[in-house]
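One structure below.
The values are calculated or read from the model by the stated rules, or taken from the named source; none is laboratory data. Keep in mind the model is a prediction, meaning the values are calculated, not measured. In this analysis, Cβ positions are derived from the backbone assuming ideal geometry, glycine residues included, and neighbour counts consider all displayed protein chains.
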Amino acid sequence: MQIQVLKSKLHCATVTEANLNYMGSITIDEDLMDAANLIAGEKVQIVNNNNGERFETYIIKGERGSGCICLNGAAARKVVVGDVVIIISYALMDFEEAKTFKPSVVFPKEGNRL
């Protein structure tokens, strides 16, 4: 049996930009991506702690060290700069493997720094 489990999480990152005129996605600082074991193109769920919105999109690699968390396209309507979001990815794995799997969970500091 395969189940879907938490793979990666950026917990309480701050939105730095919302770009309505860009074709979909979320741009994430590459340092944050590496720390949370995320890759470009990966599907993620975004949970907005400020307004309760939950939505899915995919990752675009942002400038390393920039602290960038930018919602693009339609997703930009679901956030305001300064909102606190949780960025979550899941993985499909065997039930037995899932019992011992350890997700990558990152708690960014002020400015979305590690």
statement: The one condition Met33 fails out of (1) outside any helix (DSSP H, G or I); (2) under 19 Å from Leu6 (Cα atoms) is (1)
- request: Would you be able to say whether some residue in the stretch 40-48 is among the hydrophobic types (A, V, I, L, M, F, W, C), assigned to a loop (DSSP other than H, G, I, E, B) and either in contact with a Lys or Arg (Cβ under 8 Å, 6 or more places away or on another chain) or at pLDDT below 95 (or both)?
  value: yes
task: Please enumerate the residues belonging to the stretch 61-114 that are in a strand (DSSP E or B), loosely packed, with under 12 Cβ neighbours inside 10 Å and hydrophobic (A, V, I, L, M, F, W, C).
output: Leu92
